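Asks: If you scroll down you'll find the structure; I have some questions about it.
Every number in this text was worked out from the coordinates using simple rules, so none of it is lab data. If you're wondering where the values come from, they're calculated on a predicted model, not measured in any experiment. Cβ sites come from the backbone with ideal geometry, for glycine too, and all protein chains shown count toward neighbours.
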Ligand SMILES: Cc1cc2nc3c(=O)[nH]c(=O)nc-3n(C[C@H](O)[C@H](O)[C@H](O)COP(=O)(O)O)c2cc1C
């Protein structure tokens with residue numbers, strides 16, 4: 001788990017100290033383009049947002065209701081606790097075989113039974129606009145879990161190559177402005193008194 005507070009020039013004022021954001025990448029690959037998109041998002045976000053990366057989804061056991069009882073596996077206890085503490089989840093995931101990567105679906109299966117997940121705010125980034133299924137599937141799963149997806153803050157881009165660096169992502173003005181706009185929509189959502197989009 002890595003925790004950082006963004007420090008970019010403030011374009012919008014946040015009516016609270018910070019927003020605790022947990023980022024979840026569906027790819028375990030070390031050079032993941034989705035992970036780089038998340039990193040680019042946090043680097044150009046307005047100041048005051050706190051980004052924590054959930055980097056243990058590959059450590060979770062395969063979900064089995066037989067082990068979803070006390071004593072829970074320690075990786076599950078930790079992941080549930082980290083997710084519980086987050087005010088907003090940012091997902092970015094590749095599509096695998098017209099579906100979600102198993103590691104991400106497995107995490108969501110471990111989380112679905114947690115009553116605290118109800119109403120959790122979430123937004124989705126995606127690094128490959130040619131994927132046809134993963135995004136709608138993630139939306140369906142999160143909606144079924146009663147997450148509140150911030151539709152106006154979701155961003156789909158095409159990085160063109162899995163080798164694109166974070167700096168190159170940020171040098172692309174169209175992508176950068178989409179990411180900044182997304183974080184502004186997110187802040188506006190949190191600034192609303194009823195905290196709904
Ligand atoms: C096992 C596997 C299955 C894949 N299946 C699909 C697919 O069904 N549709 C698709 O558009 N891309 C598919 N891809 C390509 C990845 O989604 C694509 O390379 C993505 O950008 C990888 O994300 P990452 O760089 O974050 O790891 C697949 C890749 C792998 C490794």
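Asks: Would you tally the residues in segment 93-133 being assigned to a loop (DSSP other than H, G, I, E, B), more than 16 Å from the chain's Cα centre (by Cα) and near the ligand (Cβ under 9 Å from one of its atoms)?
Replies: Number satisfying all stated conditions: 6.
Asks: Could you check segment 146-177 and list, in sequence order, the residues that are without any contact (Cβ under 8 Å) to a residue 12 or more places away in the chain, assigned to a helix (DSSP H, G or I) and within 16 Å of the ligand (Cβ to nearest atom)?
Replies: Within segment 146-177, just 168 meets the criteria.
Asks: Same structure, new question: Of the residues that sit in segment 24-43 and are over 13 Å from residue 96 (Cβ atoms), surrounded by fewer than 19 Cβ atoms within 10 Å (Cβ to Cβ) and touching a residue at least 40 places away in the same chain (Cβ under 8 Å), which one is farthest from the ligand (Cβ to nearest atom)?
Replies: 43
Asks: Moving to a separate point now. Out of 136, 143, report the one residue that is more than 16 Å from the ligand (Cβ to nearest atom), surrounded by fewer than 17 Cβ atoms within 10 Å (Cβ to Cβ) and free of Cβ contacts under 8 Å to residues at least 12 places away in the same chain.
Replies: The conditions single out 143.
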